[in-house]
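This report refers to the structure that appears directly beneath it.
The values are calculated or read from the model by the stated rules, or taken from the named source; none is laboratory data. What you see is a predicted model, and the numbers here were worked out from it, not measured in a lab. So basically every Cβ, Gly included, is an ideal-geometry build from the backbone, and we count neighbours across all protein chains shown. Heads up: the accessible areas ignore ligands, DNA and RNA and are worked out on the full protein's heavy atoms, side chains in. Shrake-Rupley method; radii C 1.70, N 1.55, O 1.52, S 1.80 Å.
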Amino acid sequence: MLIIGPPGSGKGTQAERISERLGVAAISTGDIFRAHVKGGTPLGVEAMKYMDNGDFVPDTVTNEMVRNRLCQDDVGSGFLLDGYPRTSAQVDYLDGLLAAREQELGVVLQLTADDEELVRRLLFRAKEAGRSDDNETVIRHRLDLYHQQTEAVVARYAGRGILAQVDGIGGIDEVTDRILGALAKMLGVPVNGR
Ligand code: AMP
């Protein structure tokens, strides 16, 4: 499955919780990039140029990284991608990867939230965690990119009938509950007792 949402919608937190419940690996492209930046790898040096400005890392770089990650042992039975795909070209690439693996997406979950609430949350996170891409100009740019490019990604999955939308505003447990409910409905099976 995929989890898609604007910056600050809590998708990382929810992705980890949901992956635990489903017993599948959570793969966050943002986390992988940050680990490379921290480790000072060539990929990290390249990615940082884009991340600090709130831009997308180029598709070729991102796609290749995801392809490598999906070759690892823990993703055999299924996985939850967090923050990928974000562009239409990434959707095409993922389609190819999945077809080659004879796998299909079960559900694409979109977390929704109002822009001004997201800006408030991200400015708060900037103070707490000191992420270098959390200042107001960069935050607004990341939101613009989400609207310009990632909403088209969401629309493509909606057209395939596999999109579930969940309101991301509320307490963490409350949002997790909503997601589990939406997944159960979408997949037609109970997800952990629901
Ligand atoms: P995130 O933690 O998901 O908000 O990602 C942090 C940053 O990593 C983004 O602002 C981008 O610069 C980069 N990034 C993460 N995922 C992608 C992706 N699928 N395509 C391009 N850039 C990405």
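Charges were assigned to the Cβ only: +1 to each Lys and Arg, -1 to each Asp and Glu. The resulting dipole of the chain about its Cα centre is roughly 200 debye.
Measure off, as a whole percent, the carbon and sulfur share of the 1.4 Å-probe accessible area of the range 1-45, all protein chains present. Present the calculation step by step, with values, prior to reporting the outcome.
On the way: 1040 of 1930 Å².
Here carbon and sulfur together make up 54 percent of the probe-accessible area.
Evaluate 2.2 N^0.38 Å with N set to the residue count of the chain, then give the Cα radius of gyration divided by it. Before the final figure, lay out each step's value.
Numbers: Rg = 16.1 Å, N = 194, 2.2 N^0.38 = 16.3 Å.
The chain yields a ratio of 0.99.
Under 15 Å from a label point set 7 Å out along the Cα-to-Cβ vector of VAL119, the amide N atoms of the range 1-24 belong to 7-8. According to the calculation over all Cα-Cα pairs in the range 41-139, the P(r) per 10 Å bin from zero is 12, 36, 34, 17, 1 %. A cut-off of 5 Å between modelled amide H atoms, ignoring neighbours fewer than 5 places along the same chain, links ASP134 with no other residue. Note on LYS49: aspartates and glutamates with a C-alpha under 13 Å away, same-chain residues under 8 apart excluded, are ASP133.
Counting alpha carbon pairs within less than 8 Å and at least 6 residues apart, what relative contact order, in whole percent, applies to the range 21-100?
Working: 59 pairs, mean separation 33.2, N = 80.
With pairs under 8 Å counted, the relative contact order is 41 percent.
Just the protein heavy atoms count here, and of the accessible area of the range 57-125 at 1.4 Å, carbon and sulfur take up 50 percent.
Put simply, the amide H of THR112, placed in the peptide plane, has neighbours under 5 Å in VAL166, ASP167, GLY168, leaving out anything fewer than 5 places away on its chain.
Averaging sequence separations of C-alpha pairs under 8 Å and six or more residues apart, then dividing by the length of the chain, give the relative contact order as a whole percent.
Details: 247 pairs, mean separation 60.8, N = 194.
Relative contact order comes out at 31 percent.
For the chain, the per residue solvent-accessible surface stands at 50 Å², with DNA, RNA and ligands left out and a 1.4 Å probe. For the pair ASN68 and GLU46, what calculated FRET efficiency results from E = 1/(1 + (r/R0)^6), where r is the Cβ-Cβ distance and R0 = 25 Å, to the nearest 0.05? The calculated FRET efficiency here is 0.95. Maximal additional length on extending the THR13-ARG101 stretch stands at 28.9 nm, based on 0.36 nm per residue less the C-alpha distance.
Comparing Cα centroids, the range 1-71 and the range 134-194 end up 16 angstrom apart.
Close amide H partners of TYR84, meaning residues 5 or more places away or on another chain with modelled amide H under 5 Å apart, are ILE3, THR29.
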